[in-house]
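The values are calculated or read from the model by the stated rules, or taken from the named source; none is laboratory data. Quick caveat: nothing in here was measured; it's all calculated off a predicted structure. FYI the Cβ positions are ideal-geometry reconstructions off the backbone, even for glycines, and counts take in every protein chain you see.
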Amino acid sequence: MAEPGLLLERRDGVATVTIANPAKRNAMTPGMWRELPVLLDALAAEPRVRALVLTGAGETFCAGADISALSEPGTEGAAAVAEEALAAFPKPTLAVIRGYCVGGGCQLAAACDLRFAARGSRFGVTPARLGIVYPASSTRRLVSLVGPATAKYLLFSAELIDDERALRTGLVDELLDAGELAARVERFTAVLAGRSRLTQAAAKEFTAQALRGEPSADRVAHWEREARGSGDRAEGVAAFLERREPRFTWSA
């Protein structure tokens, strides 16, 4: 049986990271938590990577952290670092979910920008089963997605919710039949890869800052300078008028 780990595939500007630990429903081991930020740093530096997909091997997204390893020193810290690295990834991120998305798996999915799920998926935030204090940053992120009432329901009860409730509460952005999911993800990531990287990067930063208050004046000024010097706006307008796909060139 293959060792647990993270698998990487690059295709047409999209990097796909697959959580692979099928013997334990793709639970994240300490080594996998430590591996993820390193992998994300490398992908962030690759100009050809325009979007990131996070998914699980087989029919499960991720059943959370490997409980048998939670007592290992540094495991909780490594998980927190991995989650924040995913949230801070400078390009659009999409969690593609099949089956169980629970505990640390739900943390990772919530740290992505968007979440597409197959019908029949199940979701849960389960620290109350283990007596673990859910991190403040993770709680804020969860509340921003589903609102305080649903966040409390998930955190207080550790109960799993079904796909329809996840969609209704905002935990999932699109819910699709299992046979349609891969094709929809391929089409959508192609759209992401063809859009202005400048627009996406600024929007991602401003959206994150909106959860904490108004963006700082220096960051607003930074993006105004980037926009003036990038050429993306001129290219976008020209492409629209010429009825062709734009060829944006801005890169951080």
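Given the options S121, S138, name the one that is surrounded by 17 or more Cβ atoms within 10 Å (Cβ to Cβ), touching a residue at least 60 places away in the same chain (Cβ under 8 Å), outside the structural domain of K204 (by TED's automatic domain parsing) and polar (S, T, N, Q).
S121
Please work out which one of (1) among the small types (G, A, S); (2) within 9 Å of the chain's Cα centre (by Cα); (3) buried (at least 24 other Cβ atoms within 10 Å of the Cβ) is the condition G105 fails and give its number.
Every condition holds for G105 apart from (2).
Would you check which residues across the range 180-215 are among the aromatic types (F, W, Y) and farther than 17 Å from L86 by Cα and list them?
Result: F188, single match.
Can you name the residue in the range 14-26 that is at pLDDT 95 or above and of a type in the set (G, A, S) and is also farthest from P47 (Cα to Cα) among such residues?
Step by step, filter the range 14-26, then rank; the result is A20.
Does the range 145-166 contain at least one residue that is of a type in the set (V, I, T), surrounded by fewer than 19 Cβ atoms within 10 Å (Cβ to Cβ) and within 20 Å of Y100 (Cβ to Cβ)?
No - not one qualifying residue is present in the range 145-166.
For the range 169-199, enumerate the residues that are surrounded by 14 or more Cβ atoms within 10 Å (Cβ to Cβ), modelled with pLDDT of 95 or more and over 17 Å from V53 (Cα atoms).
T169
Answer yes or no as to whether A42 is out of contact with any Phe, Trp or Tyr (no Cβ under 8 Å at 6 or more places or on another chain), surrounded by fewer than 18 Cβ atoms within 10 Å (Cβ to Cβ) and within 19 Å of A78 (Cβ to Cβ).
yes
Run T55 past the list (1) touching a Pro at 6+ places or on another chain (Cβ under 8 Å); (2) within 29 Å of R187 (Cβ to Cβ); (3) touching a residue at least 40 places away in the same chain (Cβ under 8 Å) and report the number of the one that doesn't hold.
Tallying (1) touching a Pro at 6+ places or on another chain (Cβ under 8 Å); (2) within 29 Å of R187 (Cβ to Cβ); (3) touching a residue at least 40 places away in the same chain (Cβ under 8 Å), T55 fails exactly one: (1).
Output the residues belonging to the range 216-248 that are of a type in the set (A, V, I, L, M, F, W, C) and in a helix (DSSP H, G or I).
Going through the range 216-248, the residues of a type in the set (A, V, I, L, M, F, W, C) turn out to be 217, 220-221, 223, 227, 234, 237-241, 248.
A217, V220, A221, W223, A227, A234, V237, A238, A239, F240, L241 - these are the residues of the range 216-248 that are of a type in the set (A, V, I, L, M, F, W, C) and in a helix (DSSP H, G or I).
May I ask you to verify whether E205 is of a type in the set (D, E, K, R) and either exposed (fewer than 14 other Cβ atoms within 10 Å of the Cβ) or in a strand (DSSP E or B) (or both)?
Numbers: of a type in the set (D, E, K, R): yes; either exposed (fewer than 14 other Cβ atoms within 10 Å of the Cβ) or in a strand (DSSP E or B) (or both): no.
For E205, the condition - of a type in the set (D, E, K, R) and either exposed (fewer than 14 other Cβ atoms within 10 Å of the Cβ) or in a strand (DSSP E or B) (or both) - is not met.
Of A82, A63, A78, which residue is crowded, with 24+ Cβ neighbours inside 10 Å and out of contact with any strand residue (DSSP E or B) (no Cβ under 7 Å at 6 or more places or on another chain)?
Among A82, A63, A78, only A82 is crowded, with 24+ Cβ neighbours inside 10 Å and out of contact with any strand residue (DSSP E or B) (no Cβ under 7 Å at 6 or more places or on another chain).
Residues to consider are L52, L36; find the one that is surrounded by 19 or more Cβ atoms within 10 Å (Cβ to Cβ), of a type outside the set (D, E, K, R) and out of contact with any Lys or Arg (no Cβ under 7 Å at 6 or more places or on another chain). Can you show your working first?
Numbers: L52 fails: out of contact with any Lys or Arg (no Cβ under 7 Å at 6 or more places or on another chain).
Step by step, each of L52, L36 is checked, and only L36 is surrounded by 19 or more Cβ atoms within 10 Å (Cβ to Cβ), of a type outside the set (D, E, K, R) and out of contact with any Lys or Arg (no Cβ under 7 Å at 6 or more places or on another chain).
Kindly provide the set of residues from the range 18-45 that are over 17 Å from the mean Cα position of the chain (by Cα) and of a type in the set (S, T, N, Q), ordered by number.
Correct list: N21, T29.
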